[in-house]
Amino acid sequence: MVYKVLLTLFIALSTTVVIAKEKPNILWIMTDDERLDAISAYGAPWAQTPVVDKLAKNGVRFQNAIATTPVCMPVRMSMLTGRYGHNTGMMSNRGRLKVDFAPLTLPFQKAGYQVANFGKLHGNMKSAFPIRGTRPSYGGPASSPTQLKAPFDPKKFNVINLPDFVIVSGTYPLPQEQTEAGITTQQVLKFIDTELRAPFFLRVSYIAPHSPVLAPKPYDTLIEPQTIKLHLPTEAELASKPHWEQNRLRSWIGSHGKLTEPQIRQSWTSYYGLAAFVDKEMGRVITALDKKGLLANTIIVFISDQSVEMGEHGFYMKRNFYEDTVKIPFIISWRENIPSGLVIDEQVEIIDLLPTLLDMVGFDVPENIDGKSAWPLIQGKTDKFREYTFSEINHLKSQYNHLKIDSGRRVMVRTNEWKLIFWIDRTEPDGALYHLVRDPKERHNLFGDSHYADIRNKLMQRAFAWDKAVMESKALALGE
């Protein structure tokens, strides 16, 4: 009898090992609005993110990962479908899918993976995650002081906000476990302890450090403002920017003239402190999986959806195409399967995430999508990936009426050397051109400089070819 029990146990354990080897687990940790310089592995000495730093040390760090839309809902939908916003139909938070695209998590579901999401979904197709945690209903403040969900004295907690708009700094009024990140982590830990089974595809989607940028104690004072080195613009720099950016975008979500320099610097303390707190919460999830013995064959992904400006170029928040906004942290770790400390400078896009995971697991990558697998790049089988990357937003579809005036569809086309920003659907010559090597902070707009007309026109043509519908409409207009 004992022999039969031991034999059965041996077969069960052997089967589990075989399945694990054939089907690695996936832990996808996602943050919201997290900048590269919120992570010390990306070179920021003030950042305190030991958990993410360890993932980078043990895996691959992408230096030039690009968000295909600089706002939450459309970029998350692009990520799940592997398609650009102009192909999904979503280029703003008010957009709608053209068709009911199958999410790229579906192959994992069909293969028997336990597919789950905890935390923020924000309009994502529900079919992407059969198991979903509830969005935390915390008692703290919403994005702006006029939307408080509980009694809350802004002065008591040193709150700073853009006038009548988002909270950009302050102390969270409740304990760590009552933050949205804390509640999300608790839901995940309970799931791991009671329901998780291998193989699993588990996404943990934190909303922080998205506004309201309120860090719980002691993270609200963890990082000294004077240690943070960000560039605040001069009047001359601001005057060189595109007219629409100056007159519409900056007047709506601008910091210039609305926040004092001490307020902006204090907001940095809250933001990077909140990022440090979320890093700690990630560590709790990874530790729980480790205690279950599940990390040996688990691919861990860390990524954000897009980032934000924090006073640079006169802005606060996103909906622009500066490097601080469109470049996102993207790290993949997989024990003994990815060289430790690998750094890739080739451009990748956020839509490449799920195709890469499909390829790593051994599933076919759909041919009818825009995203592609970076697994060959990670393995060193190629050293070329994307010469051009793109980002887009349609302000005419914005939920904010102020941004619809004199507006349209704004597009960015980027190489590792150049970046062009322009209206792809308008003839008005109001754009920006930056040399990213000589001018990495994007202070000098070369759009109107005749010396760079050939470069500007070449990048425009690349954008037209990228959006086939635009290319076809222009060809018709020219009678071609």
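The values are calculated or read from the model by the stated rules, or taken from the named source; none is laboratory data. These numbers were taken from a predicted model, which means no experiment stands behind them. Reconstructed Cβ throughout: ideal geometry from the backbone, glycine too, with neighbour counts over all protein chains shown.
The residue of the stretch 93-119 that is farthest from residue 409 (Cα to Cα), among those that are modelled with pLDDT under 90 and crowded, with 17+ Cβ neighbours inside 10 Å, is 101. Can you tell me which residue within the stretch 284-309, out of those that are touching a Pro at 6+ places or on another chain (Cβ under 6 Å) and closer than 30 Å to residue 268 by Cα, is surrounded by the most Cβ atoms within 10 Å (Cβ to Cβ)? Restricting to residues being touching a Pro at 6+ places or on another chain (Cβ under 6 Å) and closer than 30 Å to residue 268 by Cα, the top hit is 304.
Residues that are at positive phi and either modelled with pLDDT under 95 or not hydroxyl-bearing (Ser, Thr, Tyr) (or both) number at least 2 in none of the strands (runs of 3 or more DSSP E) confined to the stretch 324-439.
Yes or no, residue by residue, for (1) surrounded by 14 or more Cβ atoms within 10 Å (Cβ to Cβ); (2) modelled with pLDDT of 80 or more; (3) touching a helix residue (DSSP H, G or I) at 6+ places or on another chain (Cβ under 8 Å):
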| site | (1), (2), (3) |
| --- | --- |
| 141 | yes, no, yes |
| 149 | no, no, no |
| 163 | no, no, no |
| 172 | yes, yes, yes |
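Taking the criterion of being part of a helix (DSSP H, G or I) and either touching a Leu at 6+ places or on another chain (Cβ under 6 Å) or at pLDDT below 90 (or both), the residues of the stretch 247-269 that qualify are 247, 248, 249, 250, 251, 252, 253.
Just so you know, in the stretch 16-65 the residues that are hydroxyl-bearing (Ser, Thr, Tyr) and modelled with pLDDT of 95 or more include one that is nearest to residue 277 (Cα to Cα), and it is 49.
Considering (1) touching a residue at least 60 places away in the same chain (Cβ under 8 Å); (2) of a type outside the set (Val, Ile, Thr); (3) assigned to a loop (DSSP other than H, G, I, E, B), the lone condition that residue 316 does not fulfil carries the number (3). For residue 301, the stated conditions do not hold, so it cannot be described as farther than 26 Å from residue 70 by Cα and either assigned to a helix (DSSP H, G or I) or not hydroxyl-bearing (Ser, Thr, Tyr) (or both). Just one of the numbered conditions (1) under 18 Å from the mean Cα position of the chain (by Cα); (2) at pLDDT 85 or above is not true of residue 90: (2).
Would you check if there is a residue in the stretch 212-229 being of a type in the set (Gly, Ala, Ser) and out of contact with any Pro (no Cβ under 9 Å at 6 or more places or on another chain)? No.
Residues that are of a type in the set (S, T, N, Q) and either closer than 24 Å to residue 105 by Cα or crowded, with 24+ Cβ neighbours inside 10 Å (or both) within the stretch 321-352 comprise 325, 333, 337, 347, listed in sequence order.
Note on the stretch 237-286: residues that are free of Cβ contacts under 8 Å to residues at least 60 places away in the same chain and of a type in the set (Ser, Thr, Tyr) total 1.
In this structure, is residue 396 farther than 19 Å from residue 309 by Cα and among the hydrophobic types (A, V, I, L, M, F, W, C)? Taking the combined requirement at face value, the residue satisfies it.
Inside the stretch 207-246, can you point out the residues that are part of a loop (DSSP other than H, G, I, E, B) and over 22 Å from residue 33 (Cα atoms)? The answer is 234, 240, 241, 242.
In the stretch 179-206, of all residues being part of a helix (DSSP H, G or I) and among the small types (Gly, Ala, Ser), the one that is surrounded by the most Cβ atoms within 10 Å (Cβ to Cβ) corresponds to 181. Taken over the stretch 77-101, residues that are among the hydrophobic types (A, V, I, L, M, F, W, C), free of Cβ contacts under 8 Å to residues at least 40 places away in the same chain and out of contact with any Ser or Thr (no Cβ under 7 Å at 6 or more places or on another chain) amount to 2.
Determine if the stretch 448-465 includes at least one residue that is over 23 Å from residue 243 (Cβ atoms), in a loop (DSSP other than H, G, I, E, B) and modelled with pLDDT of 95 or more. Checked against the condition, which is being over 23 Å from residue 243 (Cβ atoms), in a loop (DSSP other than H, G, I, E, B) and modelled with pLDDT of 95 or more, the stretch 448-465 yields no hits at all. Going by the structure shown, is residue 403 among the aliphatic types (A, V, I, L, M) and either surrounded by fewer than 19 Cβ atoms within 10 Å (Cβ to Cβ) or under 21 Å from the mean Cα position of the chain (by Cα) (or both)? Here the answer is no, as residue 403 does not meet what is asked.
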